[in-house]
Every structure is written in C-alpha cells, then in structure tokens.
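> This is the structure I want to talk about, given as structure tokens.
Where a number appears in this text, it was derived from the coordinates with a stated rule and is not lab data. For clarity, every value in this text was computed on a predicted model and none was experimentally measured. In this analysis, Cβ positions are derived from the backbone assuming ideal geometry, glycine residues included, and neighbour counts consider all displayed protein chains.
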Protein chains: 2
Amino acid sequence: MHEIETPAVVVDADRLDANVARVARTVAERGLALRPHVKTHKIREVAALQLAAGAVGITVATIGEAEAFAAPDTFIAYPLWLTPAKAARLRALPGRVAFGVDSAAGAAQAGSALGADAGRFEVLVEVDSGHHRSGAQPSDVAEVATAARDAGLRVTGAFTFPGHAYGPGSAGPAASGERDALVEAGERLRAAGFDVARLSGGSTPSLAATEAHGATEVRPGVYVFGDAQQWELGHCAPEDIALTVLATVVSAHGDRLILDAGSKMLGADRATWATGHGRLLDHPEARLTAISEHHVTVTGADLRLGDIVRVVPNHVCNVVNLVDEVVVVRGGEPVGRWAVAARGMNG
Amino acid sequence: MHEIETPAVVVDADRLDANVARVARTVAERGLALRPHVKTHKIREVAALQLAAGAVGITVATIGEAEAFAAPDTFIAYPLWLTPAKAARLRALPGRVAFGVDSAAGAAQAGSALGADAGRFEVLVEVDSGHHRSGAQPSDVAEVATAARDAGLRVTGAFTFPGHAYGPGSAGPAASGERDALVEAGERLRAAGFDVARLSGGSTPSLAATEAHGATEVRPGVYVFGDAQQWELGHCAPEDIALTVLATVVSAHGDRLILDAGSKMLGADRATWATGHGRLLDHPEARLTAISEHHVTVTGADLRLGDIVRVVPNHVCNVVNLVDEVVVVRGGEPVGRWAVAARGMNG
C-alpha cells in the first residue's frame, strides 16, 4: 500500500465482493428484490458487481446520477420537481425509469413538464415512515397517486426511506415504522384502484432488522463499503469495511497527531452519538477529536510522524463524492483505479 | 436567475469585487502584505482578482492546489511530509515557493526528499497560537528552524493559523494569541541567528480584530464569499455574502419544506453554535433544521412548492470543493461560469 500517495480513497475489492454477495444472498432469502442505492459509491464498476449478483436495477437520487449510470432499470428515489430542462433529461434516459412524487402539485408539475411522454414513466409515491423528511403521510397516498394518474403518469407503488434508523437502538423501531407505512400505502393504493407492483423500502441499518417486511424491494446503499457510523451502530464489523482513506501522520505534538486528510477527504458528517470524526481501522482505541479541511486530530494512538494509517470515514457516501477516482486493492496490493463516474451529479 | 437549474452554486460577482477591494484596502492601511488563502474558492479567476487588487501572492493548503494555480508566488501553509513523489511535484512548481514545517523530523524529511534542491524553497515554521492543531509551541521554534537549516532549507519566518477565532466572542482572544505567538516566534528566530522576513497570520475572523498585529502578512480566505458561519459570528453582513446555493422547494408537508440541496451541495459542516445547516439569504427567519445528501429541511419560511431560494452554506470552503463550476451573476443575471480548477486537489 505504501506506493500510494496520501491522502487517497482506497477500496478493498475483496471485502467489497464479500459485502455485495452477502447482502444479495440475504435479500434473496427473504424473497425481496434488491435495488441498491448507488449514491453510496457512484462507481460503474461497483454497480456492475451488484447487478451481476442479482440486483434487479439501481436506485439513484438525481437525474444526473441516472445519466452517469445509464442502467437498464433505474429508480430515482426522490420527489423530483420537473422543470422543462429536467423533463428533457428524463426523456433522454435509457431503459425503464421510475421516479418519486410526494405531492399532488409535484405530480401535476411532472405531468405538465413531460407532456405526452408522461406515460412512459413509472412513479412511486413517497411516504413518510417516521423520518419526517420528504414523503406524504400514508393516509394521503391515494390522493397523491390520483393526482399523478390524472397527470398522465403511471403509478406502480410507493416507497419510503427509514432514515431515522441511523441512531443507537433505532433500527428496529424504524424498520417497524417502515413496514407499517408500506403496508398502509399498499392497502390505500389498492383501495383506490391502483395495481401495486412495487413497495420499496430499506436502508442498510433497517435491512438487518428482521421486522422490515412489507416491501417488495429494498434499496440499501452503504452496505457495499460500510463506514464508521455503521461500525459504531453495530451494523457492520470493522473487518467488513471496504473503503478507507489512506493518510499520513504529518504533525505530532504531545498526544496530538495530525493526519493529512480533513473534511475535504473525509466529509464533515458527525452524528451527535459518534465518537469523533471517523475511526482508524487498525487502531480502534484512537479517537478523531477535531477536523478541519486538511487536518484531522487523532488522540490515543501510538503512531509516529510519517506513519500511514487507514481512516474509516463517518459517512462514506459523502467521501466518494469528494474524489475523481478510488484506488482498488486486492490482497493488500493496488491493482487499479475506478473513476467516480457520478461524482458531483447533484441535479 | 430562473434560467439556472437547481441545485447550483452561484457567485455574485458584484459582491465578490466589493469584498476583494474592501479587504485589500483594510490590509494595506495596516501596512500588512495580503496573501489570501485560495482554498476557499479554488478558482483561478478569483485569484486573479485578488492579485490585481494588490495581493503579494497566494496561500494554498496542498501541493495539488499550488499546481492548479501555478502562481508566481505561493505559500503552502501546511506542514508537508515530503515523500519522493511529493518532492518531485514541489520541484516542478513555478515561481517562488514556500512551505511549512512544524517538527525537526518533518524538516529533515523535507531536506532529504528535496536533496540538492532544498535551498530553492523557503520554509516557515508553523507555531501553535492556541488552536492546538498542527504547529510547534513558540518556545520550540528555534529548534525546528535549526533542523530545517541543517537540512538545507531556507528558513524565512514563521506562520500560525488562529482557527480558534471561529466561535462566538473568540475572534479577539484568538487574535491576541496570534499576535503573541508570532512576536515570540520572531524573537526566538532572531535570537537563534535567523533573518525573519515573514511572520504570517490571519484568518477572516481574526482579521477584523484590531489586536491582530505582529504579522508581516495575513492569509484570510473566506472574506471573498462569506458564509453562514461568518454571518452568525458577525464577521460579515448578509448583504456581503457573495456565494449561495440556488435550490428549489421540492416537498412541503405542514411547516416542513425540503430543498433539493443537501450535504453533497452544502457540505455537512455544522458548528455547535450554528443555528442550523445554513441559512436562507432572503428569509433570515427560516431555520435549516436537518440535512441529508440531497435534502435540507427548512422551517419557518413562507415558501411554496417550486419556489427557488438562495441558501447560504455554513462553511463555504467545503461547498466550492463539491462542484466543477460555479455560475457567475452580475446585476442578478447570469453572465458566465468559472471552473473550480483546484477542486479535489487534496494531496
């Protein structure tokens, strides 16, 4: 690894392969379709691994990500507000495309912007399962779906994101909320005369909670790499973590070490319950106590100036988005680089 | 502005011009050299404005940033740990180049990696003025400088970063600490027989504190754009803020609005004292209460689905690093785009 100049994002392809296979098997055993969220990695080669392992398609957050992957079956799991320019980009996407709506006004806007092409697209109504971000209340799903149908769109189901699963002890309750919301959404859609082909849920934490039924498909993202949040929440083991930021100790004064990777490599995410600004994979006792753009402060690690360490970022999705490419290692040795094809595709 | 698709980073060039001119004038009036930190903007056109307004050179954080700007006079304000590969890149930089050291070991490593070329480079010893990040104690400056001289490097002064100025009421005390550290560093270097041509300090908050003397040059960065942190700390007025993220209201349920710009556009920085995850420039009463990658939750604003708003990010330096280009407006109308030439240049 020491021929890699720091800082660098490094993907352990052996661990990645194992993570992809394990979740594909688990999801298949539960009879669910797997539609992984590729916003975590933004890398075509990783999406190809997921599809080869049985994923039915991909999930993205933006039209730009859909363009970068150009997959045969894409779900934009976001309540798009379609301008004429965005509608034109949506029309130009290949394959089967679905997107989210969470309001009658958003559905009407989409129908108007897409015009005669509206019927080419599937829409899933987003429901709020307790995260209180976007999403209609489950009781309002039929109203939104009816507005979408009236706007010429093809309603095929509902989706939710149980983001409140990201906290200590909250994966189980969040998964229950997810199940209840999807079950109610399905019932209300059927009662209003809709065929319900897709009920889409899932996050990496709620996936592990056995209560998470009610869905026909799941959209975990982070499982491919893992990160310090998942590690500290107990949703992955350190030996499963497949992405780290390689960094050098550039300054050492007393017990305080400085690494040459700050928030411009590690991201600035820090949940209130996190132990710090990330973890050191090979020094779990160390704490990352402060961060700035090109510095992270480490305490509690027996390291010297010039030492190279593997930093596990708190939230991996924001890390991959900071670099143009990642270094791929197998058996601990660099074997190539992958481009982050969808980096910065926010619109 | 409504022909700009959201989300987008927008620079108000009129405000930028005014900020560049105002700080150039203030610094000149105090008899200091201005060497702005270009990590804030990473844009060649903005550096050109700063140099045209009288900046003596630029400050960067990494060799990659120095390469992207290729300026005639560059200070890499960072304690570099020079590998052979990094030393080769340093040798290839144009013009006058200085970099930081904060340990005898780092100085020896630099001298060894640069070999016969070591004398071409100036080094400034980094001192800790109370931020407790990198930097030697002022009492150890002569020891580090002597090691650098022994390694063949040309020691021309010292620098510090008063990063602890970023808190409510802390700019004044931080500026005092900055002054004391630079004065002591200068005295100790002179006592050890060094010519002290450069004592470099300054951040945007400590710049405003009149106690911040002791330096020969200052390195503010954020002043070109301002951000919500500077606004909330009282170091800039909202009418001076020159960079915003244009975003659309895509979801609205009750008092909760969702904008199509999350941490992948706004960054995830949030100081403990911040009111939220940024501010709305035209709705100062609103609060940004939650953020995820492509969503930010707004409460307390009278807005409707489809409305477009200007979001002031908490920490602008991390925002520019997330996009390949910014939209430039004058008189409220788009007039062009600037490339973020040094985006992602972390090494």
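> In percent, what relative contact order does chain A have, based on Cα pairs under 8 Å that are 6 or more apart in sequence?
Details: 825 pairs, mean separation 67.8, N = 347.
Relative contact order of chain A: 20 percent.
> In whole angstrom, note down how far apart the Cα centers of segment B:124-142 and segment A:115-153 are.
Cα centroid of segment B:124-142 versus Cα centroid of segment A:115-153: 58 Å apart.
> Just from its helices, what would the mean residue ellipticity at 222 nm be for chain B, if runs of 4 or more DSSP H residues each count -39500 (n - 2.57) and the sum is divided by every residue, rounded to the nearest 500 deg cm²/dmol? Kindly include the intermediate steps, with their values, before the conclusion.
Details: 11 runs with 103 residues, N = 347.
Only helices count here, giving -8500 deg cm²/dmol.
> Which whole-number percent gives the relative contact order of segment B:1-111, counting Cα pairs below 8 Å spaced six or more residues apart?
On the way: 123 pairs, mean separation 20.7, N = 111.
Once normalised by length, the contact order is 19 percent.
> Name the residues whose placed amide hydrogens come within less than 5 Å of the amide hydrogen of B:E126, ignoring near sequence neighbours (fewer than 5 apart) on the same chain.
B:V101, B:D102, B:A136, B:F159
> How large is ³J(HN,Hα), in whole Hz, for each residue of segment B:245-253 in order, when computed from phi with the Karplus curve 6.51 cos²θ - 1.76 cosθ + 1.60 and θ = phi - 60°, using x for Gly and Pro?
Per-residue couplings from phi come out as 9, 7, 9, 10, 6, 9, 8, 8, 9 Hz.
> Rounded to whole angstrom, how close does the nearest chain A beta-carbon get to the axis mapping A onto B, and which residue is it?
A:A268, 2
> Mind counting lysine pairs for me in the protein assembly as shown? Cα separation below 29 Å, and the two need to be 8 or more apart along the chain or on different chains.
Lysine pairs, 8 or more places apart or on different chains, close enough: 21.
> Further question on the same structure: May I ask which residue of B:L305, B:G54, A:L32 lies farthest towards the positive end of the charge dipole of the protein assembly as shown, with charges of +1 (Lys, Arg) and -1 (Asp, Glu) on Cβ and the Cα centre as origin?
B:G54
> Kindly rank B:319-331, B:32-44 from highest to lowest mean number of other beta carbons found within 10 Å of each residue.
Numbers: B:319-331: 19.6, B:32-44: 25.1.
In descending order of packing, they fall as B:32-44, B:319-331.
> If you place +1 on the Cβ of every Lys and Arg and -1 on the Cβ of every Asp and Glu, how big does the dipole about the Cα centre of segment B:229-339 come out, in debye to the nearest 20? Let's see the in-between values first.
Details: 9 positive and 14 negative charges, 31 e Å.
Dipole magnitude for segment B:229-339 comes out near 140 debye.
> Give the distance, in whole Å, between the Cα centre of segment A:320-347 and the Cα centre of segment A:72-91.
25
> Now a separate question. Residue by residue through A:87-100, how many Cβ atoms from other chains fall within 10 Å of the Cβ on average? Could you put the intermediate results ahead of the total?
Numbers: counts 0, 0, 1, 0, 0, 0, 0, 0, 0, 0, 0, 0, 0, 2.
Across the residues of A:87-100, the mean count of other-chain Cβ atoms within 10 Å is 0.
> Give me the inter-chain shielding for A:258-271: mean count of other chain Cβ atoms within 10 Å, whole number please.
Values: counts 7, 0, 9, 2, 4, 7, 12, 3, 0, 6, 8, 8, 3, 0.
Mean inter-chain Cβ contacts per residue within 10 Å come to 5.
> Next question, about the same structure. Indicate, rounded to the nearest 5 percent, the antiparallel portion of the DSSP beta bridges found entirely in the protein assembly as shown.
Details: 56 of 114 bridges.
The antiparallel fraction comes to roughly 50 percent.
> Would you mind working out the magnitude of the charge dipole of chain B relative to its Cα centre, with +1 at each Lys and Arg C-beta and -1 at each Asp and Glu C-beta, to the nearest 20 Debye?
On the way: 31 positive and 40 negative charges, 145 e Å.
Magnitude of the dipole: close to 700 debye.
> Given charges of +1 on the Cβ of Lys and Arg and -1 on the Cβ of Asp and Glu, with all other atoms neutral, how large is the dipole of segment A:32-224 about its Cα centre, in debye to the nearest 20?
Roughly 540 debye, rounded to the nearest 20.
> For segment A:252-298, build the charge dipole from Cβ charges (+1 Lys, Arg; -1 Asp, Glu) around the Cα centre, then report which of A:V296, A:H283, A:W273 sits farthest towards its positive end.
Farthest along the dipole direction, towards plus: A:W273.
> Let me ask you something else. Amide H of A:V155 versus every other amide H placed in the peptide plane: which residues, excluding those fewer than 5 positions away on the same chain, fall under 5 Å?
Here A:V123 satisfy the definition.
> Which one, B:G169, B:A8, B:A105, is farthest towards the positive end of the dipole of chain B when Lys and Arg carry +1 and Asp and Glu -1 on their Cβ?
B:A105
> Hey, got the average number of other protein chain Cβ atoms within 10 angstrom for residues in A:127-139?
Numbers: counts 0, 3, 0, 0, 3, 6, 11, 12, 3, 2, 2, 0, 0.
For peptide A:127-139, the averaged partner shielding equals 3.
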